[in-house]
Amino acid sequence: MYDYLVGIGKAFNFTVRLFGQIAKRPFEFKEFMRQCYFIGNKTFMLVLTTGFIMGVVLTIQARPTMQEFGAESWIPGMVAVSIIREIGPVITAILCAGKIGSGIGAELGSMRVTEQIDAMEVCGANPYNYLVVTRVLATTLMLPLLTVFADAVGLLGSYLGVNIEGDVSFVLFISRAMGVLQFSDVLPATIKSVIFGFIIGMVGCYKGYNANKGTESVGKASNEAVVMASLLIFFCDMVVVQITALIIS
């Protein structure tokens with residue numbers, strides 16, 4: 001119990017330090033842009049492929065039930081709300097937690113084990129600003145953008161799924177899908193994506209930056225980053241959904 005509370009305190013201090021370092025100059029803009037490119041390039045095709053399959057499968061599975069109630073025309077709207085409000089942000093975040101969070105944890109963990117971070121501190125550099133701030137800001141920025149692409153490709157997959165057994169024009173499909181969406185659907189999803197991105201970057205950096213000595217600690221940091229980030233994503237999603245439901249009602 002004591003170790004658990006100490007770990008929470010260290011994580012809290014690590015996070016608070018981030019907000020203090022963001023305002024400090026100089027800002028490592030080149031490293032920030034490099035991380036944005038790395039994160040986007042590394043997960044882009046994975047997110048697109050998953051989003052497309054997600055849209056197709058959701059449409060095909062919903063069709064029989066919707067047909068029983070004579071509500072087949074509501075499939076585009078149902079899929080759009082499901083993907084944009086919940087499935088798109090969460091699935092994209094989980095994919096990035098596994099791909100990006102583990103990579104950050106392993107990268108910083110290996111730098112800690114090989115004493116590269118210690119060397120930066122001895123040379124008078126600010127490793128926290130260079131390694132942590134840039135990566136957390138990059139994940140916070142890129143995850144909402146990746147979610148937008150996942151949502152768009154998910155709707156495209158849904159359109160193809162609808163036309164497997166039907167004949168709906170693309171304009172009509174988009175009209176039905178967008179017609180049911182409201183600002184209250186898009187805003188919470190955007191907020192969740194930003195929070196998820198922050199969680200992935202923060203957890204990955206914390207686990208890697210504070211890795212213990214020894215080669216096995218690199219794998220441990222990578223694994224713990226994925227597990228912890230995934231749990232926090234689901235917990236945060238539950239909280240945001242509850243808050244959104246209370247505000248809307």
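The values are calculated or read from the model by the stated rules, or taken from the named source; none is laboratory data. Keep in mind the model is a prediction, meaning the values are calculated, not measured. In this analysis, Cβ positions are derived from the backbone assuming ideal geometry, glycine residues included, and neighbour counts consider all displayed protein chains. SASA here: full protein model, heavy atoms, side chains in, ligands and nucleic acids out. Shrake-Rupley method; radii C 1.70, N 1.55, O 1.52, S 1.80 Å.
Only a single item in (1) part of a helix (DSSP H, G or I); (2) open to solvent by less than 50 Å² (accessible area, probe 1.4 Å) is not met by GLY166, and it is number (1). Exactly one residue among PHE12, PHE29 is within 18 Å of GLY201 (Cβ to Cβ), more than 21 Å from the chain's Cα centre (by Cα), open to solvent by 90 Å² or more (accessible area, probe 1.4 Å) and hydrophobic (A, V, I, L, M, F, W, C), and that residue is PHE29. I want to confirm something. Restricting to segment 199-225 and keeping residues that are among the charged types (D, E, K, R), closer than 23 Å to GLU121 by Cβ and open to solvent by 50 Å² or more (accessible area, probe 1.4 Å), which single residue is farthest from the chain's Cα centre (by Cα)? Checking each candidate, the answer is LYS213. Can you find a residue in segment 97-106 that is under 19 Å from the mean Cα position of the chain (by Cα), open to solvent by less than 10 Å² (accessible area, probe 1.4 Å) and over 21 Å from LYS30 (Cα atoms)? Yes: segment 97-106 contains one or more residues that are under 19 Å from the mean Cα position of the chain (by Cα), open to solvent by less than 10 Å² (accessible area, probe 1.4 Å) and over 21 Å from LYS30 (Cα atoms).
Do you know which of the residues in segment 204-249 that are part of a helix (DSSP H, G or I) and polar (S, T, N, Q) is farthest from GLY7 (Cα to Cα)?
Ranking the candidates gives THR244 first.
For segment 135-158, check the following and say yes or no: at least one residue is on the phi < 0 side of the Ramachandran plot, of a type in the set (Lys, Arg) and over 22 Å from the mean Cα position of the chain (by Cα). The answer is no; no qualifying residue exists. Total residues in segment 141-152 satisfying the condition of being among the β-branched types (Val, Ile, Thr) and open to solvent by 30 Å² or more (accessible area, probe 1.4 Å): the figure is 1. Have a look at PHE38, PHE19 and point out the one that is within 23 Å of the chain's Cα centre (by Cα) and surrounded by 10 or more Cβ atoms within 10 Å (Cβ to Cβ). That would be PHE38, the only listed residue that is within 23 Å of the chain's Cα centre (by Cα) and surrounded by 10 or more Cβ atoms within 10 Å (Cβ to Cβ).
Just to be sure I understand, how many residues within segment 169-198 are in a helix (DSSP H, G or I) and open to solvent by 20 Å² or more (accessible area, probe 1.4 Å)?
If we filter segment 169-198 for residues that are in a helix (DSSP H, G or I), which is where we start, we get 170-179, 183-198.
Retained after the next criterion (residues that are open to solvent by 20 Å² or more (accessible area, probe 1.4 Å)): 170-172, 174-176, 178-179, 183-184, 186-188, 190-191, 194-195, 198.
Total meeting the criteria: 18.
Screening GLY7, GLY40 for residues that are under 21 Å from ILE200 (Cβ atoms) and touching a helix residue (DSSP H, G or I) at 6+ places or on another chain (Cβ under 7 Å) leaves exactly one candidate, GLY40. Would you call MET45 over 14 Å from ASP151 (Cβ atoms), touching a helix residue (DSSP H, G or I) at 6+ places or on another chain (Cβ under 7 Å) and open to solvent by 20 Å² or more (accessible area, probe 1.4 Å)? In short, no. Total residues in segment 67-87 satisfying the condition of being surrounded by fewer than 16 Cβ atoms within 10 Å (Cβ to Cβ) and touching a residue at least 12 places away in the same chain (Cβ under 8 Å): the figure is 2. Of all the residues in segment 107-130, those that are part of a helix (DSSP H, G or I) and open to solvent by 40 Å² or more (accessible area, probe 1.4 Å) number 9. For the condition more than 26 Å from CYS36 (Cβ to Cβ) and not β-branched (Val, Ile, Thr), PRO64 qualifies.
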